[in-house]
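Visitor: Handing you this structure, nothing more for now.
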Amino acid sequence: MCPVVVPAGRGAGDMEAGKAARSSSSSSASFGPQRIRHGYMKCMSLVRTQSGNRIERMYYRLGLTVGRWPLLTCVLSLLMAAVCGSGLLQWRAGMSEVDLYMPRGSVVHEAARFVETNFREDVRYESVIVEADDVLEPSVLRAIAQLEDDIKATRVNDVGWEDICIRYTSWFQEASATGGAPPAAKGGGPDGVPELPEEFKQTLQDAGLLKNDCVYQSLLKLWPAGLPDNLTRADVQRVVTKGLRSSQSVLTDISSILAGMKTNAKGEVVSAKAIIFNWLLKESNLTAPTWEQEFLSRVLHSNRTKPKGVNVYAVATRSYNDMLAQVMDNNMTVLFAGFSLIILYVIFMLGRCNLIQQRIYLSLLGVSIVGLTILTSYGFCFYMGFFFGPVHPILPFLLLGIGVDDMFVICDCLDHVTRQHSNLDIPERIGRAVQTAGISITVTSFTDIVAFAIGITTKMPFLQSFCMFAATGVLFLFIFEVTFFVGCLTLDEYRSAGKREGCCFIKLKEWKPNAMSQKNYVYDAFSKYIAPTLMKTPVKVLVITTTLFLVAINTWCVLQIDQKFDPTWYLDEASYPIQFYKKLNEYFPKYGKRAGVYLTNISYYDDAPKMHLLSQQLRRNQYLNQDNIKIWYDDFDKWLKIRKHEVENEDDYKGYLSEYLIFSKDGQEYLKDLKFSSFPFGEYNITTTHLPIQYVMLNTTEQQLLAMSTVFDTLNSLNLTKGQHAVAYSPDYIPWYTNKIVGEELLRNLGLSILAVAVVTLLLIQEIQITFWVIICVIFTLADLVGSMYFFGLTIEISTSIMVLLCTGLTVDYAAHIGYEFSRMPGDGNERAMGALRHMGPAVFNGGFSTFLAFVLLGFSSSYIFTTFFKLFTSVVVFGCFHGLFFLPVMLSWLGPPNYEASVHQNNVDDQAVVLKDITIPNGHCVSNVDGVEVSLVTENSKPSADHHPLPQNGGSHGGGTHGEINPESEGMLQGQKKEQGKW
């Protein structure tokens, strides 16, 4: 017989008195605030009980199933990974920058496709800057001449400069006269003479009018026969001054290639500080990239003796990508070293420092889940038609941080269940652990999935693909955590229960754990020091004050951040392209990014007013380098006036134009900028025109966008007729326009992600107040994160925007675990906050610290992109842990919701009579069937132990991760399972 003992203070007299008091007040306050509050609590309790019980029951059954068949679960998980991983055979990568970054239908995307179809430029640029006290010194010029000779003598695979250079008549060598990519072949006819019609070839050669030299800019062209041996300084000054006054084209204009010039009273050049040389190669020649490599080696790493004070800088088309790849390769070693740090930390924190309770192999298998996730999610995404982009390599580190966090949560819950119910068998403990941890990791995983799923709706193709890979990665990571990892954890528990040591599985007959290994310092820190201290009122006030101060300061910093980007930031500060661009900015500030205006189906005779208006507006554009604007039809008009030709109709115009382009050396320079329907003699049309332009140095995203839009506006103002087209395009428009979009997309994705995260958190935690404070923590963390960018000297650009979006998912993890655990705790606000910190604080801290370890070594990198990784991920860990482990418990202790189950329980005691029963249950086990009263049951064959905890009566566990209790439905199921096993 089990006598039911009613708790102190709740005797029969008290109950009768309460009943009488209620009877006297019910008539006047039947629907008062107390009744409304009680109804609300009862409603919330019902919602939490019904939905919470179903989810917990589902996770309990999942854990119990995995616990019974762990090996089969692991094998099935590996099979799923293999099936999905076969999608790697559909690997898609290597897309053009236009298709990666530009939204389809955007002005830059359409311009790029137009140029690709109508005028594919076949040019690679190589540049050299020579710096000296005076580059016009004869000794310096001789050194430059020697360097130029070395460049022209460079041969790779029997291909030299003469074979791959751009020539004035290179367009004749194209297979199709209507445009398109030239063939990857050498020159056309003998001795490199282009394949011209036979009737023109001999005539041009005899007249000396066939200008088929390689196209390059060099001061030494002023001495066609080479530098004389007796060259004096006075000779140099005389020749250079004459060259400045007589230059007529962009390729012979030496004023644009000399910097720091000084002149005397007569206007004669006496000295210059720097000089730049430009060479042009054929993009279509397959040897060009290899030749560039040898070119850079000869210019930068030659053993030539240079005059004192002479410095040489160089850059080629391949330089940026080469140096960026080198930066990535150099720092990948550091990243994988961070991987090793995480593994060591997981090994140290997941197990105990003794022979049996160590979890070395479990830790390694847990980390290997990231590999399984990458295999599965990548294969799945390739099956879905997505591509692998430039930012995708950082996904493993993101997934590692999330996965390690879930591992710690599951293992901590199992440890709590084991401490409270060590007499249960292993599948039972695994079931209870997964039941307790399930909703917690579901909240964090699904909020991450939703946050990344929002990004799939972005306009930017590479970000859309990345978010798809990230969302599916987190989904499969979650699946593997609750299946494969739990299966491995079960097998490890069987090993530990069999007293087999954790390395070689040798059975130890007589073994006792050492006292040191049984201490959990992180758990003790939260239980004994952090949680009790944090609940003191002065400390609460300090935490709230600090939080508001940080948010206020960082919100102000957010408003100060610039939107600015320079692709050279991604390179190593000591790399040769950076050194070149510094000197370019110092000596040639007008040498900005190259671009082009492309015109099709224009009648240059009938539309002459529009074309001259275009050239006038381009020459008035403050963002363009006016020294380098050379427009063929303007120079053709000058040629007509000099020759005194009268143009009466379009046929006259075309006839004179043929003479200008073919029989004039000045006109031959423009052949590379024109495409014709047929050979430009007789009946032909100009199908496409290329007008080269060059911007001045633009230092901010705002300037770049304004410079780009002014050219677009100029073209739109031409009012061209149907069938005529005018576009402007440059490869540099891609990063400019991307930065414009990424700023807009960052705000949009952040707003939608926070809203979606709030909805998912509310659905899973089912507490409006807790969800509110969790989202406040997310917003505060993001504000502090973006504000810290200002102190770090960072700006809004592609890489920082992507990292902020990545961090959005991580910010939820730190707060959601604590918020959900608070909702499960019994007691008042302080007790529930302390309980949440004790039970989930260590797991949250370990997850955050392991994420920090992944990037800590990047703090020693000299690369901008990797130090940015370190700064932002360190910030999100620090601010996220601060808000999740300090601010959130403080706010919930004061402004958190009540324990609805406990409140409804208490009101039920006040609202109904209590019938005390004596219950007899065999084998000394008692289960209370008394509604509304928390009771202690004493049986004939057993007495309450010190660690006894009553099972909760209306769903959920009282102790969260500590007690590992189950709801009544699960309790009934467990009783049936126990009876089946003969252990009840």
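The values are calculated or read from the model by the stated rules, or taken from the named source; none is laboratory data. This is a predicted model, so every value here is computed, not measured. Glycine also receives a Cβ, built like all others from the backbone with ideal geometry; neighbour counts cover every protein chain displayed. Just the protein is used for accessible areas: all its heavy atoms, side chains included, with ligands, DNA and RNA removed. Shrake-Rupley method; radii C 1.70, N 1.55, O 1.52, S 1.80 Å.
Visitor: Collect residues whose amide H, placed 1.01 Å from N in the peptide plane, falls under 5 Å from the amide H of Ile693; neighbours closer than 5 in sequence don't count.
Guide: Ala595, Gly596, Val597
Visitor: Past the 31 Å Cα-Cα mark, which pairs from Lys273/Lys630; Lys459/Lys672; Lys242/Lys593; Lys282/Lys722; Lys221/Lys308; Lys459/Lys590?
Guide: Going by Cα-Cα distance, Lys459/Lys672; Lys282/Lys722; Lys459/Lys590 fall outside the 31 Å limit.
Visitor: Would the range 504-625 count as rounded, prolate or oblate if I go by the C-alpha gyration tensor, calling it rounded below 1.5 in a/c and otherwise prolate when a/b exceeds b/c, oblate otherwise?
Guide: prolate
Visitor: Same structure, new question: How high is the FRET efficiency between Val541 and Arg419 when r is their beta carbon distance and R₀ equals 30 Å, given to the nearest 0.05?
Guide: Once the sixth-power term is evaluated, E becomes 0.30.
Visitor: Multiply the residue gap between Lys641 and Gln357 by 0.36 nm, knock off their C-alpha separation, and tell me the result in nm, one decimal place.
Guide: 92.7 nm
Visitor: Then there is this: Around Gln293, with a cut-off of 9 angstrom between Cβ atoms, what is the net charge of the other residues, counting Lys and Arg +1 and Asp and Glu -1?
Guide: With Lys, Arg at +1 and Asp, Glu at -1, the net is -2.
Visitor: Let me ask another. Please report the accessible area of Leu344 (heavy atoms, 1.4 Å probe, ligands and nucleic acids excluded) in Å², nearest 10.
Guide: We get 110 Å² for Leu344.
Visitor: Sort Trp894, Trp161, Trp639 by accessible area with a 1.4 Å probe, largest first.
Guide: Greatest to least solvent exposure: Trp894, Trp639, Trp161.
Visitor: Follow-up. Along the range 743-756, what does the Karplus equation 6.51 cos²θ - 1.76 cosθ + 1.60 (θ = phi - 60°) give for ³J(HN,Hα), rounded to whole Hz, x for Gly and Pro?
Guide: Calculated HN-Hα couplings, in order: x, 5, 5, 4, 5, 5, 5, 5, x, 5, 5, 5, 5, 5 Hz.
Visitor: Just the accessible area for Ser709, please: 1.4 Å probe, Å², rounded to the nearest 10?
Guide: 40
Visitor: From the phi angles alone, apply the Karplus equation (6.51, -1.76, 1.60; θ = phi - 60°) to the range 793-803 and give each ³J(HN,Hα) in whole Hz, x where the residue is Gly or Pro.
Guide: Rounded to whole hertz, the list is x, 8, 10, 7, 8, 4, 5, 5, 5, 5, 5.
Visitor: If you keep only loop residues by DSSP, which trypsin sites (Lys or Arg not before Pro) in the range 305-405 have at most 10 other Cβ atoms within 10 Å of their Cβ?
Guide: The qualifying sites are Lys308.
Visitor: Provide the net charge surrounding Arg500, with neighbours chosen by a C-beta distance below 13 Å and charges set as Lys +1, Arg +1, Asp -1, Glu -1.
Guide: Net charge in that neighbourhood comes out at +2.
Visitor: So how far apart, in nm, are the two label points at His612 and Ser709 if each is 7 Å from Cα heading toward Cβ?
Guide: Between His612 and Ser709, the simple spin-label model gives 3.1 nm.
Visitor: While we're here: Taking amide hydrogens as modeled 1.01 Å from N in the peptide plane, which residues meet the under 5 Å criterion relative to Leu624, leaving out close sequence neighbours?
Guide: Answer set, sorted by chain and number: Val696.
Visitor: I've got another one for you. How many nm is it between the label spots at Arg748 and Asn699, if each spot is 7 Å from the Cα in line with the beta carbon?
Guide: 3.2
Visitor: Now, a different point. Taking amide hydrogens as modeled 1.01 Å from N in the peptide plane, which residues meet the under 5 Å criterion relative to Val270, leaving out close sequence neighbours?
Guide: It is Lys262, Thr263, Asn264, by chain and number.
Visitor: Which whole-Hz ³J(HN,Hα) couplings does the range 757-773 yield from phi under the Karplus relation 6.51 cos²θ - 1.76 cosθ + 1.60, θ = phi - 60°, glycine and proline marked x?
Guide: 4, 4, 5, 5, 4, 5, 5, 8, 7, 6, 9, 4, 5, 5, 4, 4, 6
Visitor: With a/c under 1.5 counting as rounded, go ahead and sort the range 630-679 into rounded, prolate or oblate using the C-alpha gyration tensor (a ≥ b ≥ c being the square roots of the eigenvalues; past the cut-off, prolate if a/b is larger than b/c, else oblate).
Guide: oblate
Visitor: So for the pair Asn157, Thr117, with labels modelled 7 Å out along Cα→Cβ, what separation do we get in nm?
Guide: My value for the distance between the label points is 3.2 nm.
Visitor: What is the range 366-473 by shape, rounded, prolate or oblate, if you read a ≥ b ≥ c off the alpha carbon gyration tensor as root eigenvalues and call it rounded for a/c under 1.5, prolate for a/b larger than b/c, and oblate otherwise?
Guide: It comes out prolate by the Cα gyration axes.
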